[in-house]
Amino acid sequence: MKKQLLIVGSGFAGMWAAVSAARVAELSSSDDLQIAVLAPAAELRVRPRFYEENVAGLRAPLSDLYAELDVEFIAGHAERIDTTEKTVWYRAQDGGTSLRNYDRVILATGSQIRRPAINGLAEYAFDIDQMESAQIFEKHLDELVNQPASLARNTVVVCGGGFTGIELATELPARLRARLGDDTQTRVIVVERGDKIGGRFSEALSQVIAEASIGLGVEWRVNSEVESIDATGVTLKGGEHIESSTVVWTAGVEAHPLTQQIRAERDAQGRLRVNDLLQIPALPDVYATGDTAHAKTDELGNTALMTCQHAIQLGKFAGHNAAASLLNAAPHPYRQVNYVTCLDLGGWGAVYTEGWEQAVKSVREEAKKIKIAITNELIYPPAANRAIAFAAGDPLAKFV
């Protein structure tokens with residue numbers, strides 16, 4: 001009977017885990033390993049681009065790739081994991097419940113937006129965290145033109161000044177003009193609890209974000225937190241009320257709740273702490289990767305961020321190591337020393353940095369070209385060709 005490797009999730013980490021695991025099986029000349037991916041759909045949703053227009057098109061099919069690599073795809077939503085019985089229960093497309101046994105499991109279920117207990121947040125705030133919610137937000141923007149002209153209609157409040165909030169906020173002036181007309185006076189306001197624009201980033205990067213915000217007319221409310229949200233807009237804890245028909249929550253994410261079923265140590269974002277091979281120390285048959293893993297990237301104390309840049313490499317290492325453990329192949333300790341950021345800044349351009357110190361290397365049009373190359377090409381799945389896919393799935397090959 002074949003040994004069973006189950007990968008739960010088909011995002012960046014899950015997809016690359018499958019490719020890398022299939023590569024190990026190929027290199028080992030083994031047909032003793034059955035690799036399966038459990039996810040709602042055989043597609044990669046390009047989540048880093050959900051701040052853009054036409055969200056429905058930001059997906060890449062994976063059926064041909066999985067078929068080419070002899071990876072079984074199981075359509076379903078994982079609901080329960082039993083690490084004692086080595087079983088994952090899932091809800092199938094027909095609504096019924098099924099189970100899948102495993103010898104090794106890789107948790108690649110990703111993350112979701114964190115929604116704190118703020119009055120009105122659930123009822124009145126949009127988000128772009130998942131494809132479905134980003135589509136709802138896009139439809140709302142499309143329908144703004146049907147509302148009577150008002151300050152509230154023409155104002156969007158973005159709650160959270162992290163990367164997602166910044167990319168959305170700097171894209172919104174153009175998106176609003178496209179719907180409401182170039183002559184309409186619109187406002188985009190970012191609410192940030194920090195004491196300055198982009199304050200959680202390097203000084204050089206912060207200055208670029210501030211410059212782009214000024215150039216695009218994006219306003220910031222720093223040292224500010226949301227008190228409540230209602231149909232008329234946002235009330236800040238300092239007492240200011242911002243009239244708005246469109247409030248978007250982008251402040252913080254946390255690991256998928258399935259990770260809460262694992263009896264193991266986790267961090268403040270719910271990510272499971274893993275060893276260098278991406279195993280749960282107390283449960284060596286369970287691997288965590290992508291946004292579910294709190295993993296050390298180097299010897300300097302840096303840890304992987306909840307970004308596709310880290311998810312891709314984490315996936316490759318997790319897939320390799322889980323398959324290697326079943327096929328008596330050599331594992332590869334996860335390391336990802338290089339770190340870059342490329343932040344889209346809408347009509348102003350973009351900014352590209354290198355290193356954990358976020359040294360700015362290029363801005364505006366030059367950085368925009370890099371951003372487009374990354375998000376439109378580099379992060380997409382490989383071709384459904386074994387040689388091409390396995391070359392890309394090598395965890396020791398250079399990614400960036």
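The values are calculated or read from the model by the stated rules, or taken from the named source; none is laboratory data. These numbers come from a predicted model, not from an experiment. Every residue, glycine among them, receives a Cβ derived from its backbone with ideal geometry; neighbour counts consider all protein chains shown. The accessibility values were calculated without ligands, DNA or RNA, using every heavy atom of the protein model including side chains. Shrake-Rupley method; radii C 1.70, N 1.55, O 1.52, S 1.80 Å.
Of the residues that make up segment 301-320, is at least one surrounded by fewer than 21 Cβ atoms within 10 Å (Cβ to Cβ), touching a Phe, Trp or Tyr at 6+ places or on another chain (Cβ under 7 Å), in a loop (DSSP other than H, G, I, E, B) and in contact (Cβ under 8 Å) with a residue 24 or more places away in the chain? Yes: one or more hits.
Put simply, of A67, A41 the only residue that is farther than 22 Å from H320 by Cβ and open to solvent by 30 Å² or more (accessible area, probe 1.4 Å) is A41.
Quickly run through segment 350-370 and pick out the residues that are in contact (Cβ under 8 Å) with a residue 60 or more places away in the chain and surrounded by fewer than 16 Cβ atoms within 10 Å (Cβ to Cβ).
Passing the criteria: E357, A359.
Q336 falls short on exactly one of the conditions (1) assigned to a loop (DSSP other than H, G, I, E, B); (2) touching a strand residue (DSSP E or B) at 6+ places or on another chain (Cβ under 9 Å); (3) not small (G, A, S), and that condition is (2). A17 satisfies every condition listed in (1) surrounded by fewer than 19 Cβ atoms within 10 Å (Cβ to Cβ); (2) among the small types (G, A, S); (3) out of contact with any Leu (no Cβ under 8 Å at 6 or more places or on another chain) except (1). Restricting attention to segment 257-269, the residues that are without any contact (Cβ under 8 Å) to a residue 24 or more places away in the chain and either among the small types (G, A, S) or within 19 Å of Q313 (Cβ to Cβ) (or both) total 2. Of all residues in segment 247-274, those being out of contact with any Leu (no Cβ under 7 Å at 6 or more places or on another chain), of a type outside the set (A, V, I, L, M), surrounded by 18 or more Cβ atoms within 10 Å (Cβ to Cβ) and not in a loop (DSSP other than H, G, I, E, B) number 1.
If you go through segment 185-206 and pick out every residue that is over 23 Å from the mean Cα position of the chain (by Cα) and either closer than 18 Å to K368 by Cβ or small (G, A, S) (or both), you end up with 1. Considering only residues in segment 100-120 that are assigned to a strand (DSSP E or B) and open to solvent by less than 40 Å² (accessible area, probe 1.4 Å), the one that is farthest from L33 (Cα to Cα) turns out to be I113.
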